[in-house]
1. Over the stretch 25-101, with a single point scatterer placed on each C-alpha, what log10 of the ratio I(q)/I(0) does the Debye formula yield at q = 0.15, 0.18 1/Å?
2. Of Trp316, Ile106, Asn188, which is farthest on the positive side of the dipole of the chain, counting Cα position, with +1 on Lys and Arg Cβ, -1 on Asp and Glu Cβ, and the Cα centre as origin?
3. Which order do peptides 246-256, 327-337, 287-297 fall in by mean Cβ count within 10 Å, highest first?
4. Comparing Arg142, Arg129, Arg205, which has the greatest mean-square fluctuation in the GNM of the chain with Cα pairs linked when under 10 Å apart?
5. Rounded if a/c is under 1.5, else prolate if a/b is larger than b/c, else oblate: which is the stretch 211-284, with a ≥ b ≥ c the root eigenvalues of its Cα gyration tensor?
6. With 10 angstrom as the radius, rank Met1, Met55 by how many other C-beta atoms surround their C-beta, starting from the fewest.
7. Count neighbours as other Cβ atoms within 10 Å of each site's Cβ, and list the GluC sites (Glu not before Pro) in the stretch 1-80 that are DSSP loop with at most 11 such neighbours.
8. Using a simple spin-label model with points 7 Å from Cα along the Cα→Cβ vector, what separation in nm is obtained for Glu37 and Glu341?
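Since every read-out is calculated from the coordinates, none of them should be taken as a lab result. Not measured: the values here are computed from a predicted model. Here the Cβ positions follow ideal geometry from the backbone for every residue, glycine too, while neighbour counts run over all protein chains shown.
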Amino acid sequence: MSYEITTIPGDGIGPEVVDATLPLFEEVAGNHGVEIEFTRYDWGSDRYLEEGTMMPEDGLDRIEGSDAILLGAVGHPEVPDHVTLHGLLLPIRKEFNQQVCERPSILFDGVESPLKGYEGGDVDFVVFRENTEGEYADVGGREHIGFDHEIAVQSSVFTRQGTEAILRAAFEAAEEREGHLTSITKSNAQAYSMVFWDDVVEEVREDYPDVEVESLLVDAASMDFIRRPEEFDVVVASNLFGDILTDIGAIVTGSMGLAPSGNVNRSGEYPSMFEPVHGSAPDITGQGVANPIATVLSGAMLFENVGEEEVSADLWSAVRELLADESAPTPPDLGGSAGTEEMVAALSDRL
Ligand code: NAD
Ligand code: IPM
Ligand code: MN
């Protein structure tokens, strides 16, 4: 088989982790007779600073036909975040109808959690984050700017179709995993959107009788992600809550540098996009020390999504072996001093 993969390295450490990992993906694909053709798009904040747009006007048309997208990160200290994100990352998720964001949190053997008493294997859950609407619907406005009666409105939009789509994806995953689903809301304070969410959970769960459903308020859930992360299996949440919870999930399982994600278009009409959960990390940009594992695992999710399960499994195994090996190079975010390239080379040795 052969695949056309769009790569958008983006800003900051994005190009560092994406460009370093492409040869690894080519190598592992080659081992299975799978061909991949990467097309790299130099879209991002540097382009914005030079030309005024993050991507060309027909950007989405250009990449619509690819089999999948691998993105690094978007965000630049000299450009407002809402400009960069609304100019590149968020339109891809939205226009390509990538409604289901899947973010696994796994505490690997050999990785130290900041949580006392936890060791490899103790934490293994996946967050299903609604990815195209909710609090990110981009509906609202700002009036009377600079006056005392200035007002800013940011509305959330929860559609039945979108809510059902993320819930069904999560229930299906729970059926395949441990059969436990935690639904996150804030229905004590948000009497429309979140009560609606709870109602749709009650309807949809009828179709998944073997799944045990737990409902948690997001504030308590944030605490429980730290107090008892081992008890979660599949977690489902709105766009904003899912965003916040997955940073907690990343750090309790060791580091932002390990957390992968997939933005999945379930109909197959558009490509899905895979990217590390982390951002452009301006604090370490240019030092060559960004941990590439989040990107490698995002690649593993990409290969699984296009149907190359063996390629995907090899990448997961290489990461597991490397992290479990006490004598292997370790990047600074995990307490060592190995750079990005050294980490990729060590993974390549384990393929
Ligand atoms: P961040 O994820 O970029 O960084 C948070 C912390 O984690 C930093 O200390 C950083 O050094 C560390 N970190 C992140 N990735 C790492 C890696 N691979 N290896 C080692 N350490 C790593 O979050 P932030 O600082 O809040 O955001 C920086 C910029 O990125 C902002 O412009 C933000 O909007 C953007 N952002 C983009 C995405 C995305 O493109 N998907 C995601 C999150 C943030
Ligand atoms: C993420 C990021 C993005 C999000 C930002 C950069 C818009 O934090 O992918 O987790 O909130 O979705
Ligand atoms: Mn985030």
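1. Treating every Cα as an identical point scatterer, log10 I(q)/I(0) equals -0.61, -0.81.
2. Asn188
3. On the way: 246-256: 21.2, 327-337: 15.7, 287-297: 25.1.
Order by mean packing, descending: 287-297, 246-256, 327-337.
4. For the chain, modelled as a Gaussian network with Cα springs under 10 Å, the answer is Arg142.
5. Values: a/c = 2.14, a/b = 1.15, b/c = 1.85.
In terms of gyration-tensor shape, oblate.
6. On the way: Met1 13, Met55 21.
With the sparsest Cβ surroundings first, the list reads Met1, Met55.
7. Details: sites: Glu4, Glu16, Glu26, Glu27, Glu35, Glu37, Glu50, Glu51, Glu57, Glu64, Glu78; in loops: Glu57, Glu64, Glu78.
Hits after loop and neighbour filter: Glu57, Glu78.
8. So the label points at Glu37 and Glu341 sit 2.9 nm apart.
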